[in-house]
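Nothing in this text is a laboratory measurement; each read-out follows from the coordinates by a stated rule. Model, not experiment: these values are computed from the prediction. Don't worry about glycine lacking a Cβ; one is built from the backbone with ideal geometry, like all the others, and counts go over all protein chains shown.
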Amino acid sequence: MKDKGKAISVLTLNTIAFTICFACWMMNGVLITYLVENRVFDWDKAQMGTLIGIPVLTGAVTRLPVGVLCDKYGGRIVFFLLMLLAAIPMYLVSHASTYTQFLLAGLGFGLTGASFAVGIAYTSVWFEKKWQGTALGVFGAGNAGAALTSVGAPWLLRWLTDNGTALEGWRTLPKIYAGMLVVMAVLFWAFTHTRKVDLGNRTTILARLQPLKHVQVWRFGLYYFFVFGGFVALAQWLIPYYVNAYTMSVAMAGMMAAIFSFPSGVIRALGGWMSDKWGARTVMYWVLGVSLVACLLLIVPRMIIQSPGQGIMADANGTVEVVTDQEVVVGGKSYRLKQKAEDEIIGFEEDGTFVLPTSTGWQEPVVKVGDQVQKKQLLARGITQIYFQANVWIFTFLAFVVGIAMGIGKAAVYKHIPDYFPRDVGVVGGIVGVLGGLGGFLCPIIFGYLLKATGLWTTSWMFFTVLVAACLVWMHLVIRRMLKKRAPGLTRQIEDTAGSELGSA
């Protein structure tokens, strides 16, 4: 690899800059929640959701134009200017006092989300094809910036506000973030080097946008809608999920959400290496397959179901003589009732760990003394209660698995791009990044509507199950079509062999 020292320097600064930009991009998720919880501002849920989501939207829609600029002018100058420009509205957040001012400032500093398109284009021009997956994976580990904000920003706010006694201290937080962007921009310019991709004859905007007519671009975008958009969405959604479904404090929920977001960001480097070694397509098969299984397991909600159970019927006609919690006596015959034992009472607040659904049952009399009953008439109804704890640690482990799969998948998706479009990494990476960023903006909205319609928090996992299945089916159909086109004889031979084996089985 030529200019190895420069390439490593660029990759290192790219990764650090992206980590800081990603942390800034996610700031509103913590800040807006903190301000509303402490009654600094009286915004409703819809306004909160908009303020949290608006930087994500800006970062998504600006990735394509920023990618085009990278192809034309080079990633170094674009990344440098992006950080300086984003620092201005980030600083202005500290002076915001109205909903509109917060909205406009969020629109501005959301530009930090476009840093991904810059970094992908700028990193790819410094590494040979066989190393691009690893390099892009290392760069993408900057997603861990989300975890840094979810864990670090609440601590900073507590310190800046003296544990809530001086709430106006929150205004220092965006100043710190703006300062980090400026310092990072200076360091970035000082220790990186200029290199641009060869555009050939494609000098006009329309010519450089030609790759967008290829279906592969949109297929990669759908993958990225899940692996990146889903990651961004869950990094914020899991906090209210834990608070509501598991009655945790916000601080504890933030720590649990970090178990999902931090490893998912860091593992991206491993995903790049795996894509180089085994191929991006193979890695994506595993990513989507594992995600599908985990999401299916996460669909089942915490629940207590009460259903009719086995009752007691009279063996003969008679008069009810005694009715207690323990028995019903009809015509001298005693019918013993199954009681609800205190140690069998189950609920979400009970101690213990239940991995599988647990059930208990009891019987309650439906007759009273003096009633005339007929043979086969119901004397006591049966009640069965089924309890599924959806244990929080098992839930967290499965969410962790999904996060790891997303982290590896993010690297695998972007490994495809320089393979298919080596001279258009900025443009293609930009549109794929746009679709991924839109996923981060749209998924929480979709989750909210599904939650409102059903009352089930696990509808988010239902949505992901459908999305992952669509990605998996589309990818499989494309691969089969490619195999038939490139090796029709081999395909027929495999199908004939499979058919004969099935016939002889």
For this session: May I ask which of Lys6/Lys415; Lys4/Lys130; Lys175/Lys415; Lys4/Lys175; Lys340/Lys452 have a Cα-Cα span longer than 25 Å here?
Result: Lys175/Lys415; Lys4/Lys175; Lys340/Lys452
Exercise. At what distance in angstrom do the alpha carbon centres of the range 107-132 and the range 1-72 lie from each other?
Worked result: 13 Å
For this session: Enumerate the amide H contacts of Val322 below 5 Å, restricted to partners 5 or more residues apart or on another chain; note that Pro and chain-start residues carry no placed amide H.
Result: Val329
Exercise. So, with +1 on the Cβ of K and R and -1 on the Cβ of D and E, and no other charges, what is the size of the charge dipole of the chain about its Cα centre, to the nearest 20 debye?
Worked result: 2480 debye
Exercise. Where does the chain land at 222 nm, in deg cm²/dmol rounded to the nearest 500, when only DSSP H runs of n ≥ 4 count, each adding -39500 (n - 2.57), divided by all residues?
Worked result: -22000 deg cm²/dmol
Exercise. Given the C-alpha centroids of the range 222-296 and the range 143-180, what is the distance between them in whole angstrom?
Worked result: 24 Å
Seminar exercise, completed: Per the charge dipole of the chain (beta-carbon charges, Lys/Arg positive, Asp/Glu negative, Cα centre), the residue among Ile299, Trp278, Ala253 reaching farthest to the positive end is Trp278
Problem set entry | the range 6-65: C-alpha gyration tensor shape, a/c 1.5 cut-off, then a/b vs b/c | oblate
For this session: Quick one: grab the alpha carbon gyration tensor of the chain, order the square roots of its eigenvalues as a ≥ b ≥ c, and give me rounded if a/c is under 1.5, else prolate or oblate depending on whether a/b is larger than b/c.
Result: oblate
For this session: List the residues whose amide H sits under 5 Å from the amide H of Gln377, counting only those 5 or more places along or on another chain, with H placed 1.01 Å from N in the peptide plane.
Result: Ala314
Exercise. When only Cα pairs under 8 Å and 6 or more residues apart are kept, what is the percent relative contact order across the chain?
Worked result: 23 percent
Exercise. Using modelled amide H (1.01 Å from N, peptide plane; none on Pro or chain starts), what sits under 5 Å from the amide H of Gly311, excluding residues fewer than 5 places away?
Worked result: Gly382
Problem set entry | Estimated vicinal HN-Hα couplings, Hz - the range 233-245 in sequence order (Karplus 6.51, -1.76, 1.60; Gly, Pro = x) | 5, 5, 4, 9, 6, 5, 5, x, 4, 5, 4, 7, 7
For this session: Note down the net charge around Ala105, summing +1 for each Lys or Arg and -1 for each Asp or Glu among other residues with Cβ under 13 Å from its Cβ.
Result: +2
For this session: Which order do the peptides 275-283, 50-58 take when ranked by the mean count of other beta-carbon atoms within 10 Å per residue, highest first?
Result: 50-58, 275-283
Seminar exercise, completed: Expected sort for 306-315, 10-19, 412-421 on mean C-beta neighbours within 10 Å, highest first, is 412-421, 10-19, 306-315
Problem set entry | In Hz, Karplus ³J(HN,Hα) per residue of the range 13-28 (6.51, -1.76, 1.60; θ = phi - 60°; x = Gly, Pro) | 5, 4, 5, 5, 4, 5, 4, 5, 4, 5, 4, 5, 4, 8, 4, 4
Exercise. Given labels modelled 7 Å from the Cα in the Cβ direction, how far is it in nm from Leu104 to Leu85?
Worked result: 1.8 nm
